[in-house]
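Scroll down for the structure; my scribbles are underneath it.
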Amino acid sequence: MQQQKFRTAVFPGSFDPFTIGHESVVKRALSIFDKVVIGIGENTTKTSFFPLEKRIEGIKKVFEDMSDKVEVKSYKGLTVDFCRSENAGFILRGLRTAADFEYERAIGQMNKTMKPELETVFLLTSTEYTPVNSTIVRDIIIFGGDASKFLPKGIDIKKYL
Ligand code: ADP
């Protein structure tokens, strides 16, 4: 029988902040992939609110019991190049709405053109997480609301600021 290949997926995003929606995508993806590398892209167009080091620290804490399967790293440059450096054959993304789909379709198809051997895999959001959105969670935090219901256990937002 042919030996199954070790499958690594990169989950790229800004995770500003990392929410229960992101956490759910990573956990579900572990039934498909052997390893998920959460890649925090240092974006050219979006300036982040939460400091990069704090985001990395917080996400690592969420997956501390699965650190052999979930890694957290930051990267500059193209996601396809980051995937190559991580030996990843897959890009993992979450899909909430039709608007997500249009955005993801363009990125996914352009990545495919640049690196045909890399496949983008989409997981549909679990129903309860569909409205959870980093931009809104960030606003709740900025304006002093309680965002804890939208953040994974292990992320203490006070330490983020
Ligand atoms: P980006 O800045 O690349 O859009 P985000 O950090 O906003 O990155 O999101 C990273 C990925 O997680 C994207 O694929 C996005 O669609 C997905 N995502 C965001 N929120 C949710 C959620 N509530 N449920 C599932 N997937 C989500």
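Anything over 25 Å Cα to Cα? Flag those among 35/76; 5/46; 27/153; 76/149; 61/112, in the order listed. Walk me through the numbers on the way to the answer.
Values: 35/76 21 Å; 5/46 36 Å; 27/153 14 Å; 76/149 31 Å; 61/112 32 Å.
As for pairs spanning more than 25 Å Cα to Cα, those are 5/46; 76/149; 61/112.
Run lengths n ≥ 4 of DSSP H only: what is the helix-derived mean residue ellipticity at 222 nm for the chain, with -39500 (n - 2.57) per run over all residues, to the nearest 500?
On the way: 6 runs with 58 residues, N = 161.
The helix-only estimate for the chain comes to -10500 deg cm²/dmol at 222 nm.
Would you mind getting the Kirkwood hydrodynamic radius of segment 1-57 from its Cα pairs, rounded to one decimal in Å?
So the Kirkwood estimate lands at 12.9 Å.
Quick one: helix 20-29 against the long Cα principal axis of the chain, what's the angle to the nearest 10°, folded into 0 to 90?
Taking the Cα atoms of the chain, the angle to 20-29 is about 20 degrees.
Find the eigenvalues of the gyration tensor of the Cα atoms of segment 56-142, then list the square roots of 5 times those eigenvalues as equivalent ellipsoid semi-axes, largest first, in whole angstrom. Please report the intermediate quantities before stating the final value.
On the way: eigenvalues 107, 82, 33 Å².
Rounded to whole Å, the semi-axes are 23, 20, 13.
For a quick check, take a GNM of the chain with Cα springs below 10 Å and name the residue from 77, 89, 144 with the largest mean-square fluctuation.
144
Given C-alpha coordinates of the chain, what is the ratio Rg to Rh with the Kirkwood estimate of Rh?
Computed over Cα atoms, the ratio is 0.95.
Over the chain, with a Gaussian network built from C-alpha contacts below 10 Å, which listed residue (118, 95, 78) shows the highest mean-square fluctuation?
Judging by the Gaussian network model, the answer is 78.
Taking only C-alpha pairs under 8 Å that are 6+ residues apart, what is the relative contact order of segment 1-152 in percent?
Working: 210 pairs, mean separation 47.9, N = 152.
Answer for segment 1-152 is 31 percent.
List every residue whose amide H lies under 5 Å from the amide H of residue 71, counting only residues 5 or more places away in sequence or on a different chain, with H placed 1.01 Å from N in the peptide plane.
36, 37, 38
Rg (Å, one decimal) plus Dmax (Å, integer) for the alpha carbons of segment 34-75?
Both quantities, over Cα of segment 34-75: 11.1, 33 Å.
How charged is the neighbourhood of residue 126? Take every other residue with its Cβ under 13 Å from the Cβ of residue 126, and add Lys/Arg as +1 and Asp/Glu as -1.
Numbers: positive: 27, 28, 96; negative: 23, 128.
That sum, taken over residues with Cβ under 13 Å, equals +1.
Just so you know, all these numbers are worked out from the coordinates, no wet-lab data involved. Here the structure is a predicted model, which means the values were calculated and not measured. Reconstructed Cβ throughout: ideal geometry from the backbone, glycine too, with neighbour counts over all protein chains shown.
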